[in-house]
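Structure first, then comments.
Rule-based calculations on the coordinates, nothing more; no lab input. The structure displayed is predicted, hence computed values, not measured ones. No Cβ is skipped: glycine too gets one built from the backbone with ideal geometry, and neighbour counts run over all protein chains shown.
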Amino acid sequence: MTTVTYRTADVDGLKIFYREAGAAGAPKLLLLHGFPSAGHMFRDLIPLLADRFHIVAPDLPGFGNSDMPGRSHSFDRVADVIDRFTEIVGFNRYAVYVFDYGAPTGFRLAVKHPDRITAIISQNGNAYEEGLSEGWNPIRAYWQDSSEANREALRGFLTPETTIWQYTHGVPDPRAVSPDGYSLDNFYLTRPGMTEFQLDLFGDYKSNVALYPTFQAYFRTRKPPLLAVWGRNDPFFLPPGAEAFKRDIPDAVVRFLDTGHFALETHAAEIAAAIRDFLPR
C-alpha cells in the first residue's frame with residue numbers, strides 16, 4: 001500500500017503545501033499541476049508510480065493549500081518559488097511532469113538548471129504557438145489590451161460551470177470523470193483574493209508565449225528525454241503542440257489519448273504505464 005505524506009515547506013516565508021511518496025533514494029519525479037487545480041490532480045497517478053520513484057507534488061504558490069505570493073502575481077514568481085522549493089526538499093536532480101501552468105513553470109526551471117533535469121513528461125503542457133487553440137482568444141485580447149473591460153471578460157473562466165466544462169469537455173463519457181477534482185478546484189477558487197490572482201496570471205501568460213523560443217532552444221540544444229502524453233480533445237492545447245516537440249527533440253515520444261484537458265481523470269493507468277516504460281530508458 002502506498003503511503004502518501006502531506007507536508008508544508010517554508011520557502012522564504014511562503015508556505016508551500018506538497019504531497020510526497022516513495023523511497024527517498026529512488027529516482028526523483030516532480031509533479032507540477034495546472035489551472036485551476038492543485039497537487040490533488042495527481043491523486044490517482046502517485047500510487048501507480050511510488051514503488052519506483054520518489055515523488056513530490058507541490059501546490060503551486062497561490063493554488064490549493066499553498067500561500068498566495070504577496071509580491072508579484074507572475075509566472076516568473078511562481079517558478080522562482082518552485083525553484084527554491086526543489087532545493088529545500090532536496091530535489092537536486094529529477095524528472096519533471098508538467099501540465100498546463102506547470103509547463104511554463106517546469107520549463108523555466110529546465111532552462112535555468114538544465115543539469116538538474118533528467119527527463120520531461122508533458123501532459124498537455126505546451127511550448128509551441130501551434131499548440132494554442134482559439135479558446136485563448138479572450139485571454140490574448142487581454143494581453144494586447146489590458147483594459148478593465150478585457151479583464152472583466154475573463155471572469156467567466158473562473159465560474160464553477162467553466163471548471164466542470166474543463167474537466168469534461170472532450171471526454172467520450174463524462175460519467176467517467178469523478179466530481180471530486182472539479183469540486184475541490186471550485187472550492188479553492190473561492191479563497192480570498194483568488195479571483196484577482198488568477199486574472200493577473202491570465203494577463204501574464206503572454207510572458208510564457210514570449211519564452212517559447214527560449215524553451216525550444218533548450219529542447220534543441222540539451223535534447224532532454226521527453227514523453228508527451230496528450231489528451232487529444234483538449235480545448236486549449238492542441239495536438240500540434242505535442243507533435244512539435246519532435247521538431248526540436250527528434251527522439252521525443254508522443255502519445256495521444258482519447259480524452260480532454262484533465263487526462264489523468266480518465267487515463268491515469270495508461271499515463272502511469274507510459275511513464276514506467278519511458279523513464280527507465
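The table below lists the values:
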{"read-out": "CD proxy at 222 nm, helix term only [per DSSP H run n ≥ 4: -39500 (n - 2.57); per residue of the chain; nearest 500]", "value": "-12000 deg cm²/dmol"}
{"read-out": "Dimensionless Rg ratio for region 88-232, taking C-alpha atoms and the 2.2 N^0.38 Å reference", "value": "1.16"}
{"read-out": "Segment E134-N92, extension gain: residue separation times 0.36 nm, minus the distance between their alpha carbons", "value": "11.3 nm"}
{"read-out": "Trypsin sites (Lys or Arg not before Pro) lying in DSSP loop within region 67-137, provided at most 13 other Cβ fall within 10 Å", "value": "R71, R93"}
{"read-out": "Among 52-60, 146-154, 268-276, the order from most to least packed when residues are scored by Cβ within 10 Å on average", "value": "52-60, 268-276, 146-154"}
{"read-out": "Share, in percent, of DSSP beta bridges within the chain that are antiparallel, nearest 5", "value": "40"}
{"read-out": "Mean Kyte hydropathy of -1.0 or more with a Cα span along the axis of at least 30 Å, helices from DSSP in the chain", "value": "194-222"}
{"read-out": "Cα gyration tensor shape of region 231-281, rounded if a/c is under 1.5, else prolate or oblate by comparing a/b with b/c", "value": "oblate"}
{"read-out": "Region 163-281: radius of gyration over Cα atoms, expressed as a fraction of 2.2 N^0.38 Å", "value": "1.22"}
{"read-out": "Cut-off under 5 Å, modelled amide H: who pairs with L60 long-range", "value": "H33, G39"}
{"read-out": "Spherically averaged projected area in nm², based on the convex hull that wraps the Cα atoms of region 11-153", "value": "9.4"}
{"read-out": "Prolate/oblate/rounded call for region 142-223, Cα gyration tensor, a/c under 1.5 rounded", "value": "oblate"}
{"read-out": "Built amide H within the under 5 Å cut-off of V11, gap 5+", "value": "I16"}
{"read-out": "Spread of Cα-to-Cα distances over 5 Å intervals beginning at zero, given as percent, for region 103-164", "value": "4, 14, 16, 17, 18, 14, 10, 6, 1"}
{"read-out": "Extension gain, R222 back to S147 (0.36 nm per residue minus Cα-Cα distance, nm)", "value": "23.0 nm"}
{"read-out": "Amide H contacts under 5 Å for I120, placed H, 5+ residues apart", "value": "V96, L226, L227"}
{"read-out": "Three-way shape label, the chain, alpha-carbon gyration tensor, a/c 1.5", "value": "rounded"}
